[in-house]
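Take a look at the structure below.
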Amino acid sequence: MFMKLEVVVVPVSDVDRAKAFYESLDWRLDADFPLDARYRVVQFTPPESEASIIFGTGVTDMTPGSIQGLQLTVFDLDEARDALVKAGVDVSEIWHDSTGVFHHAGTRERLSGPHPERADYSSFASFEDPDGNGWILQEIKTRLPGR
């Protein structure tokens, strides 16, 4: 069976503010359908991604800012972080988890700097959108076999 993650719904409180934020990241605006005052769908796709995000009015009952751990993989974490900072985004410093494997929830077990061996899948930076939805950048230069 063929399945691909296509869309993640992100809860926001102000659609225009969220739209301006994601535009500032140079994400591709795929759609903005203001169907009426109670229903508007906005879709963005990060560069090189096959999956998109959707937010708007009337698209979710989730609390704005309640999504955490949305993950973006990048080839060069320093470069990606610098681009976000240049776009005006408040991005954390680069960090790695104390286990060297993925990361704990929240900020527990974060150690400053990239993974000591700069191991793939093990170095991160994080930021939030204006509502507090949490994004994590993960550096991957060489994917695991089968990926």
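Going by alpha carbons, how many degrees (0 to 90, nearest 10) lie between the helix axis of 77-86 and the longest principal axis of the chain?
40 degrees
Excluding LYS19 itself, calculate the net charge of residues whose Cβ lies under 13 Å from the Cβ of LYS19, where each Lys or Arg counts +1 and each Asp or Glu counts -1.
Residues near LYS19 contribute -4 overall.
Quick check: the distance between the Cα centres of the range 66-83 and the range 22-46, to the nearest angstrom?
The distance from the Cα centre of the range 66-83 to that of the range 22-46 comes to 20 Å.
Please rank GLU128, GLU50, fewest neighbouring Cβ atoms within 10 Å first, as an exposure proxy.
By the 10 Å Cβ count, ascending, the order reads GLU50, GLU128.
Per residue of the range 129-139, what does 6.51 cos²θ - 1.76 cosθ + 1.60 with θ = phi - 60° give for ³J(HN,Hα)? Whole Hz please, x for Gly and Pro, Karplus curve as stated.
7, x, 8, x, 5, x, 10, 10, 8, 10, 8
Which shape class, rounded, prolate or oblate, goes with the range 1-52 when its Cα gyration tensor gives a ≥ b ≥ c as root eigenvalues, a/c under 1.5 marks rounded, and past that a/b bigger than b/c marks prolate?
Here the range 1-52 falls in the oblate category.
Using only the alpha-carbon atoms of the range 68-147, report the extent along each of the three principal axes, biggest first, to the nearest angstrom.
Projected onto its principal axes, the Cα set of the range 68-147 covers 36, 25, 23 Å.
Report, for the chain, the % of DSSP beta bridges that are antiparallel, rounded to 5.
Antiparallel bridges: around 70 percent, rounded to the nearest 5.
How big is Rg to Rh over the range 11-108, alpha-carbon atoms, Rh as the Kirkwood inverse-mean-distance radius?
On the Cα set of the range 11-108, Rg over Rh gives 1.00.
222 nm [θ] for the chain, helices only, -39500 (n - 2.57) per DSSP H run of 4+, per residue, to 500?
Dividing the helical sum by the residues of the chain leaves -4000 deg cm²/dmol.
Around PRO130, under 11 Å between beta carbons, what's the net of Lys plus Arg minus Asp minus Glu among the other residues?
Around PRO130, the surrounding residues sum to -4.
If you restrict to DSSP beta bridges whose two residues both lie in the range 68-147, what percentage is antiparallel, to the nearest 5?
Antiparallel bridges make up about 65 percent of those DSSP assigns within the range 68-147.
What do you get for the angle between helix 15-24 and the principal long axis of the chain? Use alpha-carbon atoms, 0 to 90 degrees, nearest ten.
Its long axis makes an angle of about 40 degrees.
Any idea how far apart GLU6 and ARG110 come out in nm if each label point goes 7 Å out from Cα toward Cβ?
3.4 nm
Please state the charge dipole magnitude for the chain, taken about the Cα centre, from unit charges on C-beta atoms (+1 on K and R, -1 on D and E), reported in debye and rounded to the nearest 20.
300 debye
Out of ALA37, ALA87, ALA18, any idea which swings most in a Gaussian network model of the chain, alpha carbons joined below 10 Å?
ALA37
Coordinate-derived values only; no laboratory data. Computed from a predicted structure; not experimentally measured. FYI the Cβ positions are ideal-geometry reconstructions off the backbone, even for glycines, and counts take in every protein chain you see.
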